[in-house]
Amino acid sequence: MLQLRQKMGMQQKMTPQQVQYLKLLQTPAAELEAKIKEELDENPLLEEVSDEEQQQSENEITEPIAQSSLQAATETDTTPTEQTDRSNDYTLEDFMNDETEGFKAPRISRSEDDDENSERFQQASEESFTESLLAQLSLLELSPRMRVLAEEVIGSLDEDGYLREPLDQIVRDTSIYFGEEYTETESEKLLKRIQKLDPIGVAARNLQECLIVQLEVIHDHSPARELALLILHSFYEHFVKKNYQILAKKLSLDVHDLKPAIDMIQRLNPKPGAPSRPASESTRYITPDFYIEKTPNGNDFVITLNERGIPTLRVNAAYKELAKKKGVNGAKPLPDDAREFINKKFEAAKFFLMAIYQRRETLLRVMTAIVHRQHEFFVNGEKFLKPMIYKAIAEDIGMDISTVCRVVNGKYCQSDYGVFELKYFFSEAIPLEGGEGESVSNKVVKARIKELIESENPGKPFNDDQLVELLRADSYELARRTVAKYREQMHIPVARMRKKIV
């Protein structure tokens, strides 16, 4: 039976302006310029202030509403919602009656050196991995029907240069699509020829075949090469598992006699396709969002937000005159729908400029709090990193944890010790043995584990139990499973796989 019931409840919803502010807050510096350009294209009431106009008005005080909004944004006890409420007082009528430039984004001071450094250099176009292989096919002098199959094989390679799809399946598909017939002998012979293209070993079906192909083209017929081929052909599993004692016994050799052959195999390229990939796909360029610089006394810091390339915005004054237009001397007044459009776009422009204000101030407050808590790190380096959680920063600046997360996510800072993601400064606490409540960041412990492994004897690498004892000597009390977890997070293999013949 259907019934109608009344129910009272409260539901919290964000306004479109708050949503826009939060989106801008999590936007890194590298993407902010594109966001602003997009808003400029969508809103005709927004315009970019030219450098000449900025210089002319450098010493002038303009638009009281903009100045009061900036002051409100810098107050530590004012929330973004309160700042937005204050901006609501500035209406289209105020803009029309304002003798100055009206509501405008903060001016960003840029030196000539900054302009020169912010120039973007175009990357040189590079030939792709697939294009390089296809270009080399002409050197094989293939018949038209075999070239069709060769192109299908090359098109089936993965990003590492391996042929993961069964060759007979590629042959069947090619026969169906192009009406050509190929024997197994023809296809295998063609694959062997493709594997000799540059880089050597491409189109191999597994790592074993890839390494064998690379060894076969080496013209050095030394005992080491012949032994390496024998190992790969007949004792591949023992080689992969680094069972050197068993391998030496089966070959009736001393373990040290294996070293030249093992070294030769380890110098081969296990991923022939990877180095040939375009730099644009494999190289990631990081744009810092903050610059942390020491003051001359060495104990204080200047935090600068990276605003290079970010234009200064203002409301287009031409629309002020258009909105003032009235029907005098026979002229037609501005239609209501046009006036409504201008008012709607003005409100959108006003809130976008306020969101830019709020983003800037929130980012600086969060970064300042991080520098304050990690002061020893920025003074002395990575070994002085302290454990820190998001809640601590949120309490320091009087904001919600979600706001801190949005600021930290995807942002980077540049300091005297390198470029770090802001997430790097947040880590778990590891208690020190006998430290009376003292603790250290787990990143410091990870760095120590890495140092120990790098300094170990390659012939007798440390297992996890030995690492636990070594860390205990440094007053780090950790369980074996914790050491194993940290080692795996750093992509360091177990001791058996790190073993080398010395």
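Among the residues of the range 207-252 satisfying the criterion of being over 23 Å from K460 (Cβ atoms) and of a type in the set (G, A, S), which is modelled with the lowest pLDDT?
S222
For the range 392-425, name all the residues that are under 30 Å from R472 (Cβ atoms) and either charged (D, E, K, R) or touching a helix residue (DSSP H, G or I) at 6+ places or on another chain (Cβ under 6 Å) (or both).
Listed by number, the residues that qualify are K423, F425.
Within the range 285-292, identify whether any single residue is within 30 Å of E376 (Cα to Cα), surrounded by fewer than 18 Cβ atoms within 10 Å (Cβ to Cβ) and modelled with pLDDT of 90 or more, and answer yes or no.
There is at least one residue in the range 285-292 that is within 30 Å of E376 (Cα to Cα), surrounded by fewer than 18 Cβ atoms within 10 Å (Cβ to Cβ) and modelled with pLDDT of 90 or more.
Which pairs turn up if I take residues in the range 169-193 that are over 16 Å from E151 (Cβ atoms) and look for partners that are surrounded by fewer than 13 Cβ atoms within 10 Å (Cβ to Cβ) with beta carbon separation below 8 Å, at least 6 apart in sequence or on another chain?
Pairs that qualify, where the first residue is over 16 Å from E151 (Cβ atoms) and the partner is surrounded by fewer than 13 Cβ atoms within 10 Å (Cβ to Cβ), are E184/D168.
Anything in the range 480-502 that is open to solvent by less than 40 Å² (accessible area, probe 1.4 Å) and either in contact with a Phe, Trp or Tyr (Cβ under 6 Å, 6 or more places away or on another chain) or farther than 15 Å from S441 by Cα (or both)? List them, or say none.
A484, R487, I492, A495, R498, I501
Exactly one condition in (1) in a helix (DSSP H, G or I); (2) closer than 27 Å to L197 by Cβ is false for D257; which is it?
Answer for D257: the failing condition is (2).
Restricting attention to the range 172-199, report how many residues are open to solvent by 30 Å² or more (accessible area, probe 1.4 Å) and not in a helix (DSSP H, G or I).
6
Any residue at all in the range 452-459 that is small (G, A, S) and open to solvent by 40 Å² or more (accessible area, probe 1.4 Å)?
Yes; the residues of the range 452-459 include at least one that is small (G, A, S) and open to solvent by 40 Å² or more (accessible area, probe 1.4 Å).
Conditions tested, residue by residue: (1) among the charged types (D, E, K, R); (2) open to solvent by less than 80 Å² (accessible area, probe 1.4 Å); (3) under 22 Å from I286 (Cβ atoms); (4) within 21 Å of the chain's Cα centre (by Cα).
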position: K386; (1), (2), (3), (4): yes, no, no, no
position: D400; (1), (2), (3), (4): yes, no, no, no
position: K423; (1), (2), (3), (4): yes, no, yes, yes
position: E428; (1), (2), (3), (4): yes, no, no, no
position: S439; (1), (2), (3), (4): no, yes, no, no
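Going through the range 200-234 one residue at a time, which ones are closer than 27 Å to E159 by Cβ and assigned to a loop (DSSP other than H, G, I, E, B)?
The answer is I200, G201, V202, A203, A204, R205, N206, V217, I218.
For the range 149-171, which positions are surrounded by fewer than 16 Cβ atoms within 10 Å (Cβ to Cβ), outside any loop (DSSP other than H, G, I, E, B) and touching an Asp or Glu at 6+ places or on another chain (Cβ under 8 Å)?
If the condition is that a residue be surrounded by fewer than 16 Cβ atoms within 10 Å (Cβ to Cβ), outside any loop (DSSP other than H, G, I, E, B) and touching an Asp or Glu at 6+ places or on another chain (Cβ under 8 Å), then D168 is the only one that fits.
The values are calculated or read from the model by the stated rules, or taken from the named source; none is laboratory data. As the structure is a prediction and not an experimental result, all values here were calculated from the model. Because the Cβ atoms are built from the backbone with ideal geometry, glycine has one as well, and the counts that use them run over all protein chains shown. These accessible areas exclude ligands, DNA and RNA; they are computed on the full protein's heavy atoms, side chains included. Shrake-Rupley method; radii C 1.70, N 1.55, O 1.52, S 1.80 Å.
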